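Peer 1: Dropping a structure here in structure tokens format, bear with me for questions.
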Amino acid sequence: MTGASLPLVIPCVDIQAGRAVRLYEGDPDRETVYFDSPLAAARHWVGLGAGLLHLVDLDAATGRGENRAVIRQIATEVGVPVEVGGGIRDREAAEELLRAGVERVVIGTAAVRSPDLVRDLIAAHGPERVVVSLDARGLEVAIHGWAEGSGLQVAQLTPTLALAGLETLIFTDVTRDGTLRGLDRDLMRQVRQLWTNTLIVGGGVATTDDVRLLAEEGIQGAIVGRAIYEGTLAYPVRL
């Protein structure tokens with residue numbers, strides 16, 4: 001393509017009950033199992049050329065348990081950097097993952113409830129090892145595995161995150177995640193205006209049209225799950 005660089009497409013491995021799954025609109029009871037082994041899923045995408053993987057511990061995010069052992073295994077065995085989100089609510093949990101070989105931690109609910117955590121982690125480990133994920137319905141941020149509205153708008157949080165030294169923000173449109181409905185261009189444009197550092201879209205990408213939209217809006221990348229698992233978006237992506 002001309003006039004814009006190709007956004008980075010980051011394969012996602014969502015882990016629930018020890019398996020690689022994808023949820024519909026974030027509902028833990030509406031899952032599709034793609035691999036019985038998350039490690040096998042991770043190796044699959046690395047084998048196709050992935051240079052970064054996005055892992056989500058869905059059980060930790062929803063308070064149903066945790067999958068830290070398999071996450072540690074993936075981080076140490078696949079040979080590419082991994083970032084991990086889901087249920088990281090304090091500094092101890094974040095630093096346990098960083099010590100286990102995770103390249104960077106993704107802070108969600110805690111970034112809303114305890115913004116000092118983001119600042120402290122960045123101060124201790126650098127902005128390259130800390131990412132914040134804002135998951136939203138429209139522009140209202142959702143928390144606790146998307147189960148609750150926070151009452152806060154994205155625009156209320158981005159200035160604080162910038163002051164904390166955050167470089168990379170993940171924004172997920174909860175209403176489209178796992179649905180293959182494609183991206184909402186107007187919403188993407190609004191978020192791009194609110195966050196001028198590195199912006200990654202988490203969820204909603206379904207086809208090459210969505211990847212082109214990201215490029216046109218100056219968004220640096222996307223975390224993609226169902227679309228590449230089911231083949232509506234061929235991976236590696238070529239436009």
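Peer 1: Output yes when any residue across region 48-56 is in contact (Cβ under 8 Å) with a residue 12 or more places away in the chain and touching a Cys at 6+ places or on another chain (Cβ under 6 Å), and no when none is. Before the answer, list the steps.
Peer 2: Kept after step one, since they are in contact (Cβ under 8 Å) with a residue 12 or more places away in the chain, are these residues of region 48-56: 48-56.
Restricting the remaining residues to those that are touching a Cys at 6+ places or on another chain (Cβ under 6 Å) gives 54.
Yes, because at least one residue in region 48-56 is in contact (Cβ under 8 Å) with a residue 12 or more places away in the chain and touching a Cys at 6+ places or on another chain (Cβ under 6 Å).
Peer 1: Then there's this: Which ones in region 44-61 are in a helix (DSSP H, G or I) and crowded, with 18+ Cβ neighbours inside 10 Å?
Peer 2: Hits for region 44-61 are His44, Trp45, Val46, Leu58, Asp59, Ala60, Ala61.
Peer 1: I've got another one for you. Criterion first (charged (D, E, K, R), part of a strand (DSSP E or B) and within 23 Å of Thr32 (Cα to Cα)) does Asp135 satisfy it?
Peer 2: Details: charged (D, E, K, R): yes; part of a strand (DSSP E or B): yes; within 23 Å of Thr32 (Cα to Cα): yes.
Taking the combined requirement at face value, the residue satisfies it.
Peer 1: Then there's this: If a residue must be among the β-branched types (Val, Ile, Thr) and touching a Phe, Trp or Tyr at 6+ places or on another chain (Cβ under 6 Å), how many such residues does region 176-200 contain?
Peer 2: 1
Peer 1: Return the pair list, or none, for Cβ contacts closer than 8 Å from residues in region 157-180 that are at pLDDT 90 or above and of a type outside the set (A, V, I, L, M) to residues that are in a loop (DSSP other than H, G, I, E, B) and surrounded by 16 or more Cβ atoms within 10 Å (Cβ to Cβ), at least 6 apart or on different chains.
Peer 2: Thr158/Trp195; Phe171/Trp195; Thr172/Gly203; Thr172/Gly204; Asp173/Leu183; Asp173/Asp184; Asp173/Gly203; Asp173/Gly204
Peer 1: Can you work out which of the residues in region 101-110 that are modelled with pLDDT under 95 and among the small types (Gly, Ala, Ser) is surrounded by the fewest Cβ atoms within 10 Å (Cβ to Cβ)?
Peer 2: Checked region 101-110; the qualifying residue surrounded by the fewest Cβ atoms within 10 Å (Cβ to Cβ) is Ala110.
Peer 1: Then there's this: Return only the number of the condition from (1) among the hydrophobic types (A, V, I, L, M, F, W, C); (2) closer than 26 Å to Arg22 by Cβ; (3) modelled with pLDDT under 95 that Leu152 does not satisfy.
Peer 2: Status for Leu152: all satisfied but (2).
Peer 1: Would you confirm, using the coordinates I've provided, whether Arg212 is within 25 Å of Ala50 (Cβ to Cβ), surrounded by fewer than 16 Cβ atoms within 10 Å (Cβ to Cβ), over 15 Å from the mean Cα position of the chain (by Cα) and without any contact (Cβ under 8 Å) to a residue 12 or more places away in the chain?
Peer 2: no
Peer 1: So, in region 173-226, exactly how many residues are hydrophobic (A, V, I, L, M, F, W, C), assigned to a loop (DSSP other than H, G, I, E, B) and in contact with a Gly (Cβ under 8 Å, 6 or more places away or on another chain)?
Peer 2: Residues in region 173-226 being hydrophobic (A, V, I, L, M, F, W, C), assigned to a loop (DSSP other than H, G, I, E, B) and in contact with a Gly (Cβ under 8 Å, 6 or more places away or on another chain): 4 in total.
Peer 1: So, one more: Is one or more of the residues making up region 121-141 hydrophobic (A, V, I, L, M, F, W, C), surrounded by fewer than 18 Cβ atoms within 10 Å (Cβ to Cβ) and more than 27 Å from Pro28 (Cα to Cα)?
Peer 2: Yes, that holds for at least one residue.
The values are calculated or read from the model by the stated rules, or taken from the named source; none is laboratory data. Owing to the predicted nature of the structure, the values given are computational and were not obtained by experimental measurement. FYI the Cβ positions are ideal-geometry reconstructions off the backbone, even for glycines, and counts take in every protein chain you see.
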